[in-house]
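So the structure is just underneath, and the comments pick up after that.
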Amino acid sequence: MSKAGDSAAPPPDVLTAKCLDEPGQDERSIIQRAKEGDRCAFRLLVERYSRQAYINNIAYRFVGDHDSAADIAQEAFLKVHEALSSFRGDASLGTWLYRIVVKKALTRKRRVHDHERMTVSIQEFSNVTAAESTDELVERERQRHIERALRELPTLQRAVVTLRHLEGLSTKQVSEIFKCSEGTVKTHLFRGLKHLRRKLEFLKEGGSCLTQSFAGCCTML
Amino acid sequence: MSHAIVRWLLYDVVKKKLDEKVRREVERHLRTCASCSKELRELEKPLAELSTLPRPSAFRDEVFWRAFVASIER
């Protein structure tokens, strides 16, 4: 696929030209213009959704690194660009975009999962810098444990907790992304949070997992 | 208020998203129901932990996305 930075740089005027995005501009009319081939309209959509940072953040929460998150965000926008003509507007563009991002992020996550299990402890040590105080190290380790415990949750639980709690989407929005009922979203949310609590308690009782793969710790539950 | 309704609302209790009237009813139920109170405690801890995570900081700037759009339009 074509990605920003992969090929020769676009002409400077493409990067500096302004497409007027009026705050109250109706998204449906922008989508209609984009469907009709208005390049400026599509760019407005990309700018609106990338500016919200949701797209990148959601992808990042799943894959855990910014480069992969940016790749996923680009792939999602590309998919929207290719399929925009068939977009009927039954759900919002945002819902459609988030659905693509989650699907791509989960697929990518599965691909890298085994590799991550093997390399995580090495990365943890190599990321430690001499300038960090003990308190900062402890805090970083605590955050890493939470993030990794979250990533070790079953797929749907992780997805729902991420979207609902960390990214602040409503139960209704999450239910539209997964095409399920709001009750199902709540069920996965509650199960995910309980599962997470057990994992975090295990870490607290068992001490640091820094010296071994966290994935290994979690599979002991 | 029934157990099922209270449990449906527990996430919103923790997030303080309930309106005053509903919140008071839920709290009245929680004062006398050990199992729903336990459910609430089980949600509070992980939600508090998750809330300490920082927002992802580095996302691509406007120029990056303009270059991306230009690349797919060529």
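The values are calculated or read from the model by the stated rules, or taken from the named source; none is laboratory data. Values in this document were obtained by computation on a predicted structure and should not be read as measured data. Glycine gets a Cβ as well: all are built from the backbone with ideal geometry, and neighbour counts include every protein chain shown.
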What are the residue pairs meeting all of these: first residue in region B:45-74, first residue within 15 Å of residue A:75 (Cα to Cα), second residue buried (at least 18 other Cβ atoms within 10 Å of the Cβ) and modelled with pLDDT under 75, Cβ atoms under 6 Å, and 6 or more apart or on different chains?
B:64/A:4; B:67/A:4; B:68/A:4; B:71/A:4
Being closer than 30 Å to residue A:187 by Cα and outside any helix (DSSP H, G or I) narrows it down to one residue among A:163, A:169; which is it?
A:169
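Conditions (1) out of contact with any Pro (no Cβ under 7 Å at 6 or more places or on another chain); (2) among the β-branched types (Val, Ile, Thr); (3) modelled with pLDDT of 85 or more; (4) loosely packed, with under 13 Cβ neighbours inside 10 Å, marked per residue:
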{"position": "A:136", "(1), (2), (3), (4)": "yes, no, no, yes"}
{"position": "A:153", "(1), (2), (3), (4)": "yes, no, yes, no"}
{"position": "A:160", "(1), (2), (3), (4)": "yes, yes, yes, no"}
{"position": "A:167", "(1), (2), (3), (4)": "yes, no, yes, no"}
{"position": "A:178", "(1), (2), (3), (4)": "yes, no, yes, no"}
{"position": "A:185", "(1), (2), (3), (4)": "yes, yes, yes, no"}
{"position": "A:190", "(1), (2), (3), (4)": "yes, no, yes, no"}
{"position": "A:193", "(1), (2), (3), (4)": "no, no, yes, no"}
{"position": "A:197", "(1), (2), (3), (4)": "no, no, yes, no"}
Only one of these is within 19 Å of residue B:17 (Cα to Cα) and of a type in the set (S, T, N, Q): A:181, A:170. Name it.
A:170
Does residue B:45 satisfy the condition of being under 19 Å from the mean Cα position of the chain (by Cα) and at positive phi?
no
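Hey, among the residues in region A:49-60 that are out of contact with any Asp or Glu (no Cβ under 7 Å at 6 or more places or on another chain) and surrounded by 15 or more Cβ atoms within 10 Å (Cβ to Cβ), which one's farthest from residue B:54 (Cα to Cα)?
Here the residue is A:49.
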Is one or more of the residues making up region A:112-134 surrounded by 13 or more Cβ atoms within 10 Å (Cβ to Cβ), part of a helix (DSSP H, G or I) and modelled with pLDDT of 80 or more?
no
Filtered residues of region B:19-50 (kept if farther than 25 Å from residue A:200 by Cα and either out of contact with any Leu (no Cβ under 8 Å at 6 or more places or on another chain) or at pLDDT below 90 (or both))
B:19, B:20, B:21, B:23, B:24, B:25, B:27, B:28, B:29, B:31, B:32, B:33
Please tell me if residue A:51 is closer than 13 Å to residue B:61 by Cα and either at pLDDT below 85 or touching a His at 6+ places or on another chain (Cβ under 8 Å) (or both).
yes
Select the helices (runs of 4 or more DSSP H) contained entirely in chain B, then report the ones holding at least 1 residues which are within 27 Å of residue A:54 (Cβ to Cβ) and at the interface with chain A (Cβ under 7 Å from one of its Cβ atoms).
B:3-14, B:34-51, B:62-73
Identify, from the list A:72, A:55, the residue that is within 10 Å of chain B (Cβ to nearest Cβ) and hydrophobic (A, V, I, L, M, F, W, C).
A:55
Could you tell me which of the residues A:203, A:196, A:189 is without any contact (Cβ under 8 Å) to a residue 60 or more places away in the chain, in a helix (DSSP H, G or I) and in contact with a His (Cβ under 6 Å, 6 or more places away or on another chain)?
A:203
Name the residues in region A:140-157 that are within 12 Å of another protein chain (Cβ to nearest Cβ), of a type in the set (A, V, I, L, M, F, W, C) and part of a helix (DSSP H, G or I), would you?
A:146, A:149, A:150
